[in-house]
Amino acid sequence: MKILFAASEAAPFFKTGGLGDVAYALPKELVKQGVDIRVVLPYYSTMPEKYKADIEEVLHFRVQVGWKSMYCGIKSLKLDGVTYYFIDNQAYFNRPSLYGQMDDAERFGFFSLAICEMMEKIDFIPDVVHVNDWHTAMVPVLLVDKYHWIEAYQGIRKVITIHNIRFQGVYDPSILTSIFGTGMNIYHEAGVKYYENVNFMKGGINFSDVVTTVSPSYANEIQTQEFGEGLEGTLQYNSWKIKGIINGIDYDVNDPETDPKLEYHFSADDLTGKAKNKAALQERLGLEVNPDIPLITSVGRLTDQKGYQLVQEKTEELLNSRDVQVAILGTGEAEYENSFRYFAAKYPDRFAAVIDFDISLAQQMYAGADLFLMPSAFEPCGLSQMISLRYGTLPIVHETGGLKDTVVPYNAYTGEGTGFTFMDFSGYALLGTIYRALDVYENQPKAWAVMVREAMSRDFSWEEPAKDYLDVYRSLVNE
Ligand code: ADP
């Protein structure tokens, strides 16, 4: 089975969020399960030096982007058993950030065209092309509409995974000729037309054989007006080919027994290291070092999606009503960054805000806390709550998408559960849930210990999800 996995980012080379984690860990697991899966990425100039040394030049050719003939270099690297191809063009990928450039349509349009042309040139014709999110969503469209005349490509099946339906890649229809050179024959409702624009994601959904999303709950949610971001109609129409497969987390990287980013290691059987990590974290963040004060952490993009408006709304009420510490690590919208800086200045020994992207500190926040806050308004899957569970830090989450599928709500009568959840997306519901969690922490240490052990023993590895993807591939190639 040969798979080409296309994404706009993948750890450890380039990562801005969950897609980067998935694009690294899923192929790695599939290789272990015997699949010849290769990953194709843009060659951004932010490529870390330590990988540059091992990169090989494969070949180069030119790609026609509208009327322009553009250089396209293919580089390659093998890491953890996976072959990576990097598509090089300095004009497109030597930029200060991965996304948010004026010409993103052309950058990822070029990337998509280059992927299609590369397969024949490097002589890797996969059984399935698996694309991810809007950046590569035009690949299935191009294979059907533009490259169908290449005989070797005619049997290639197409899978798209939606990691976040909010970002769709919506542009003026003129790009069909000025970038893709396809003409307008795909510009209709069952193609790429979205109101008076072209929508990359819509094209990917319509032209793929299977659409997957990163949790079963999100697969249902995106077919409703509340979560579909305008594509619910398209998704309902394609409902028969949608499947939700929960993400895993990388068990090599996120292991409390070996994580090199932690000062002290621990396991479900011996939590003394966790307590030491808590003290180290309190110290590092300038909070009062005290094992008895519950510490709530949160790591994430500081945006509305992640529900930080609720945190912003209720922080002062929480700090004024309970003996608790809160620490937030993230970057994002200025409003939240500034609010959290303000709280940190006002309550220095009880509230900490680190406005940064810091992978080491993130691990320390997952490991050293008692509770992890993730009140996302919507959450396709979410990795942070799974990492915190593995480190015995009980999540407080809004019951949506992947959060609903991975956190078992605490049941006061049976003692079951791995976290604390709320249904209503409101500050009132969030605060009430934090209070419930604190009550268990303070008054029922035994119940708490049972939950922590249960949380740490759940399986969030990639093994089962990777098998589900393999089943999807097999269903398409009749293997
Ligand atoms: P999303 O992809 O929507 O941002 P996920 O929960 O799926 O959210 O994945 C977020 C990933 O990015 C996690 O691995 C998390 O630890 C990491 N992350 C987010 N913000 C930061 C930050 N400020 N510093 C370090 N890591 C971060």
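The values are calculated or read from the model by the stated rules, or taken from the named source; none is laboratory data. No experiment lies behind these values; they were computed from the predicted model shown. We place every Cβ from the backbone using ideal geometry, glycine too, and count neighbours over all the protein chains shown.
General remarks:
- Residue selected from the range 153-187 under the condition within 16 Å of the ligand (Cβ to nearest atom) and of a type in the set (S, T, N, Q), by the criterion modelled with the lowest pLDDT: ASN164
- Looking only at residues in the range 379-405 that are part of a helix (DSSP H, G or I) and within 11 Å of the ligand (Cβ to nearest atom), the one that is nearest to LYS446 (Cα to Cα) is SER388.
- Selection within the range 22-49 - more than 16 Å from the ligand (Cβ to nearest atom) and either part of a helix (DSSP H, G or I) or of a type in the set (A, V, I, L, M) (or both): PRO27, GLU29, LEU30, VAL31, LYS32, VAL35, ILE37, VAL39, VAL40, LEU41, MET47, GLU49
- Any hit, the range 89-109, residues being assigned to a strand (DSSP E or B) and surrounded by 13 or more Cβ atoms within 10 Å (Cβ to Cβ): no
- Within the range 224-242, being surrounded by 18 or more Cβ atoms within 10 Å (Cβ to Cβ) and either assigned to a strand (DSSP E or B) or charged (D, E, K, R) (or both) holds for one residue alone: ILE242.
- The condition of being within 16 Å of the ligand (Cβ to nearest atom), within 27 Å of PHE357 (Cα to Cα) and in contact with a strand residue (DSSP E or B) (Cβ under 7 Å, 6 or more places away or on another chain) holds for LEU19.
- When the criteria are applied in full, ALA429 fails the requirement of being surrounded by fewer than 21 Cβ atoms within 10 Å (Cβ to Cβ), at pLDDT 95 or above, within 16 Å of the ligand (Cβ to nearest atom) and more than 29 Å from HIS265 (Cβ to Cβ).
- Cβ separations smaller than 8 Å between residues 6+ apart or across chains give the following pairs from the range 322-344 residues that are free of Cβ contacts under 8 Å to residues at least 24 places away in the same chain to residues that are within 16 Å of the ligand (Cβ to nearest atom) and of a type in the set (A, V, I, L, M): ARG341/ALA353; ARG341/ILE355; ALA344/ALA352; ALA344/ALA353.
- The residue of the range 350-378 that is farthest from ASP269 (Cα to Cα), among those that are aliphatic (A, V, I, L, M) and near the ligand (Cβ under 9 Å from one of its atoms), is ILE355.
- All conditions but one from (1) out of contact with any Leu (no Cβ under 8 Å at 6 or more places or on another chain); (2) crowded, with 23+ Cβ neighbours inside 10 Å apply to ILE37; the one that does not is (1).
- Residues satisfying the stated conditions in the range 225-280, i.e. touching a Pro at 6+ places or on another chain (Cβ under 9 Å) and more than 26 Å from VAL326 (Cβ to Cβ): LYS243, GLY244, ILE245, ILE246, ASN247, GLY248, SER267
- Near pairs, Cβ below 7 angstrom, 6+ apart or cross-chain, from the range 284-313 (touching a residue at least 60 places away in the same chain (Cβ under 8 Å)) to any residue that is assigned to a helix (DSSP H, G or I) and away from the ligand (no atom under 16 Å from the Cβ): GLU288/GLN282; PRO294/LEU438; PRO294/TYR441; LEU295/LYS278; LEU295/GLN282; LEU310/GLY427; LEU310/LEU430; GLU313/GLY427
- Of all residues in the range 328-349, those that are surrounded by 20 or more Cβ atoms within 10 Å (Cβ to Cβ) and away from the ligand (no atom under 11 Å from the Cβ) total 5.
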